[in-house]
Structure formats: C-alpha cells, structure tokens
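The values are calculated or read from the model by the stated rules, or taken from the named source; none is laboratory data. Bear in mind that the values here come from a model prediction, so they are computed numbers and not experimental data. Virtual Cβ from ideal backbone geometry, glycine too; neighbours counted across all protein chains shown. These accessible areas exclude ligands, DNA and RNA; they are computed on the full protein's heavy atoms, side chains included. Shrake-Rupley method; radii C 1.70, N 1.55, O 1.52, S 1.80 Å.
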Amino acid sequence: MKFYAVIDTNVLVSAMLKEGSMPWQVVREALEGCITPLINGDILSEYGEVLLRKKFGFPEASVAKLITELPKRAIHLNAQPTNEVFPDPDDAVFYEVVMAAQDKENAYLVTGNLKHYPVKSFIVTPHEMIEIIKKSQS
C-alpha cells in the first residue's frame with residue numbers, strides 16, 4: 001500500500017541524530033519505501049535551513065543528499081490555506097500541504113510535536129506512521 005506524508009522538520013532532525021530510530025525509519029520509507037513525501041518550496045527551504053544549523057553539526061554532504069533525494073520521490077503541492085492558528089507560524093505550511101492532499105485517503109502529517117497541530121487522525125507521530133505501514137503489510 002502507498003502512503004503520502006508531509007514530514008515535519010523535527011522528524012528529519014531526529015532521523016539524522018539516531019540511525020534506526022522511528023524517525024529514521026520514516027525517512028527511510030520516504031526515500032526507499034511506501035511513503036511518497038508531500039512537499040513544497042517552503043518546506044524544502046525549512047529543511048535546508050534547519051538541518052544546516054551549526055548546533056546539529058550534520059555534515060553538509062549528508063544534508064544535501066537528503067534534500068536532493070527526498071524531492072525526487074515527492075509530490076509537490078501548493079499549500080491549502082486554512083483558518084487554523086498554530087503556536088509556531090512556521091508549522092502552518094506543513095499542515096496546509098497535507099490539507100491539500102486530503103483527496104488522498106492515505107495522506108498524513110508525521111511530526112514529533114503533536115501539540116503544535118490540531119488533533120486530527122491524519123496527524124501522527126513517527127511511531128504511529130510505522131505502525132500504520134506495518135498493519136497494511138500484514
């Protein structure tokens with residue numbers, strides 16, 4: 001089964017910090033597996049800006065590879081403006097892009113910060129996303 005997912009930047013950070021973690025598994029599925037990433041230019045810009053912050057110390061080559069490879073498998077969507085208010089306005093684009101994909105029954109927003117988003121069944125943690133994938137394969 002194919003899934004579509006907007007991947008919050010915090011998931012990418014966590015994936016790069018710990019190989020084998022649930023966030024890492026989500027990113028691996030987005031690069032090689034059954035997740036088709038949903039992105040737009042603003043999301044890609046944030047990925048690059050955050051992942052290259054000195055505090056993380058990620059190798060530039062690793063960041064470049066990730067933000068080059070992810071879009072190759074992605075569907076590029078325009079954000080669907082909503083009336084939702086977010087604690088961090090930078091999070092709005094992730095929600096707005098997944099809202100633009102709601103015509104796809106398997107579209108999710110994967111985040112490590114559920115409290116930053118409205119409570120919706122399609123907003124899930126990395127662990128929940130991996131469980132959804134596993135259940136579809138059994």
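Taking a probe of 1.4 angstrom, what is the accessible area of VAL93 in Å², to the nearest 10?
20 Å²
Name the residue farthest towards the positive end of the dipole of the stretch 23-138 from the options VAL119, ILE35, TRP24, assuming +1 on Cβ of Lys and Arg, -1 on Cβ of Asp and Glu, about the Cα centre.
Most positive-ward Cα: TRP24.
If I ignore ligands, DNA and RNA and count only protein heavy atoms, how much of SER138 is accessible to a 1.4 Å probe, in Å² to the nearest 10?
Estimated to the nearest 10 Å², SER138 gives 130 Å².
At 25 °C and 0.890 mPa s, what whole-number value in µm²/s does Stokes-Einstein give for the translational diffusion of the stretch 77-118, with Rh from the Kirkwood sum over Cα pairs?
230 µm²/s
Each residue of the stretch 34-45 in turn: what ³J(HN,Hα) in whole Hz from Karplus with 6.51, -1.76, 1.60 and θ = phi - 60°, glycine and Pro shown as x?
Result, rounded to whole Hz: 8, 9, 9, x, 10, 9, 8, x, 5, 5, 4, 4.
Counting each DSSP H run of 4 or more residues in the chain as -39500 (n - 2.57), what helix-only mean residue ellipticity at 222 nm follows after dividing by all residues, to the nearest 500 deg cm²/dmol?
-14500 deg cm²/dmol
Let me have the relative contact order for the chain, percent, based on Cα pairs under 8 Å that are six or more residues apart.
32 percent.
At 0.36 nm per residue, minus the direct Cα-Cα distance, what do ARG28 and ASP103 gain on full extension? Give it in nm, one decimal, please.
Computed gain between ARG28 and ASP103 is 24.5 nm.
With θ taken as phi - 60° and the coefficients 6.51, -1.76 and 1.60, list the Karplus ³J(HN,Hα) couplings across the stretch 14-30 in order, rounded to whole Hz; mark glycine and proline as x.
4, 4, 6, 7, 9, 4, x, 5, 4, x, 4, 5, 4, 5, 4, 5, 6
For the stretch 46-85, take every pair of Cα atoms, bin their distances at 10 Å starting from 0, and report each bin as a whole percent.
Each 10 Å bin holds this share of Cα pairs: 24, 38, 27, 10.
Give, rounded to the nearest 20 debye, the magnitude of the charge dipole that the chain has about its Cα centre when Lys and Arg contribute +1 at Cβ and Asp and Glu contribute -1 at Cβ.
In total the dipole reaches around 420 debye.
Could you sort LYS18, LYS104 by accessible area so the largest value comes first, with the probe set to 1.4 Å?
From most accessible down to least: LYS18, LYS104.
Under the 0.36 nm per residue contour assumption, what length would be gained going from the current alpha-carbon distance of THR68 and GLN80 to full extension?
Stretched fully, the THR68-GLN80 segment lengthens by 1.9 nm.
What's the longest bit of the chain with no exposed GluC sites (Glu not before Pro), using DSSP loop states and at most 11 other Cβ atoms within 10 Å as the test?
20-104
Which distance in nm do the two modelled labels at SER45 and SER138 give, with both placed 7 Å along the Cα-to-Cβ direction?
4.3 nm
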